[in-house]
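Worksheet: the structure to be examined is printed underneath.
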Amino acid sequence: MSDRSTQEPALQSSEAILAVADVPATVRFYREVLGFQGEWLWGTPPTFGGVRWGAVHVMFCQQPKLATLVEGHQHFFFCHDVNLLRERHRSTGAPVISEIEDKPWGVREYTARDINGYHLRFGGSPTYNRPATATSTLPTFIRIVERLPTVDEFAELTRSVGWNSSDPATAALALQNSLYGVVALDTRETDDGRIVGAVRVVGDAARFFYVQDVVVHPELQHQQIGSAMMESVMAWLKRSAPRGAFIGLFTGKPGFYERYGFQNGLGMSLCL
């Protein structure tokens, strides 16, 4: 009988190994111009080396002939404040070949060329631009109610924004195990209202709380509905969460949540 684990293998990390013409010169460029904070060299003279910046590592292999063919080859780095990094690279004279801008694929990025010809793309969250249709006050027909959405309401609302919530059984269990919920109701058609927004909080109710599924129907986004629901969530957390509890969330729009005291940072996740 085999005692081998039946668990599927999983990749844990990835590090680029770039062909370069001169390893020490490349390491100096990445440290002095790009801002990487650590280095190592191998061999006398060095034919291999690398740099690091926090959890990010890049290695270099001395391959002069191959290095003549890398012009335009791209490598992407994601950072949490791409605007600040662009200013730092401006001060160090990094050769930027594509200026910073919000890209249509949902990333704010710019491109710098290293001394070997690699095009290094630095990207982060896009800049929030307030739409012309945005309002400064909550519409009078919107009612904020402290409750969880029903399974059907949750399915309809998440479908409206393109989220995959097709399994009613898991949706029902997720809602049942939530700690708190708040919904936004459009009362123009009926007194009970049609659900147009929802937020729920999950966790262990003691040391860990997580703000989950912040969603507003596309027809009513930028109308202060998300802000009103988050204010309700924050009031509940202040009443219910013990001092020192961790409160987290995952978002591609950190600027929206910074007003409530959330700070951008690194984390870990696992998708089964």
The stretch 16-124 - percent relative contact order, Cα under 8 Å, separation 6 or more: 27 percent
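For F36, F48, what ranking results if the residue with the fewest other Cβ atoms within 10 Å of its Cβ goes first? Walk me through the numbers on the way to the answer.
Numbers: F36 19, F48 15.
Ranked by crowding around the Cβ, least crowded first: F48, F36.
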Full-stretch length increase - W105, R239 - with 0.36 nm per residue and alpha-carbon distance subtracted: 44.3 nm
Beta bridges by DSSP in the stretch 16-124, antiparallel share as percent, to the nearest 5: 70 percent
Between the stretch 39-90 and the stretch 163-199, the alpha-carbon center distance in angstrom: 46 Å
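What percent do you get for the relative contact order of the chain when only Cα pairs under 8 Å and 6+ apart count?
Values: 444 pairs, mean separation 33.3, N = 272.
Averaging sequence separation for qualifying contacts and normalising by length gives 12 percent for the chain.
What does the extension gain come out to for V96 and V56, with contour length at 0.36 nm per residue minus their alpha carbon separation? Each step should come with its number before you reach the end.
Working: separation 40, 0.36 × 40 = 14.40 nm, distance 2.06 nm.
Here the segment from V96 to V56 would lengthen by 12.3 nm.
If R0 is 30 Å, what FRET efficiency do you get for I115 and L11 from their C-beta distance, rounded to 0.05?
Numbers: r = 30 Å, r/R0 = 1.00.
It comes to 0.50.
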Rounded to 5, the percent of DSSP beta bridges in the chain classed as antiparallel: 75 percent
Degrees between helix 151-160 axis and first principal axis of the chain (Cα, 0 to 90, nearest 10): 50 degrees
Residue-span extension gain [E231 to H73] - 0.36 nm each, minus C-alpha spacing: 52.3 nm
For the stretch 56-68, 3J(HN,Hα) per residue [Karplus equation, 6.51 cos²θ - 1.76 cosθ + 1.60, θ = phi - 60°, Hz, x = Gly/Pro]: 9, 10, 9, 10, 10, 10, 6, 9, x, 5, 5, 5, 6
Calculated from backbone phi, Karplus (6.51, -1.76, 1.60) coupling profile of the stretch 198-213 in Hz, x at Gly/Pro: 7, 9, 9, 10, 10, x, 9, 6, 9, 10, 9, 10, 9, 7, 10, 6
The chain: angle of helix 82-92 to the longest principal axis, Cα-based, in degrees nearest 10: 30 degrees
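Here, each number is a calculation from the coordinates, and none is a lab measurement. Because the structure is predicted, anything quoted here is derived from the model rather than measured. Glycine gets a Cβ as well: all are built from the backbone with ideal geometry, and neighbour counts include every protein chain shown.
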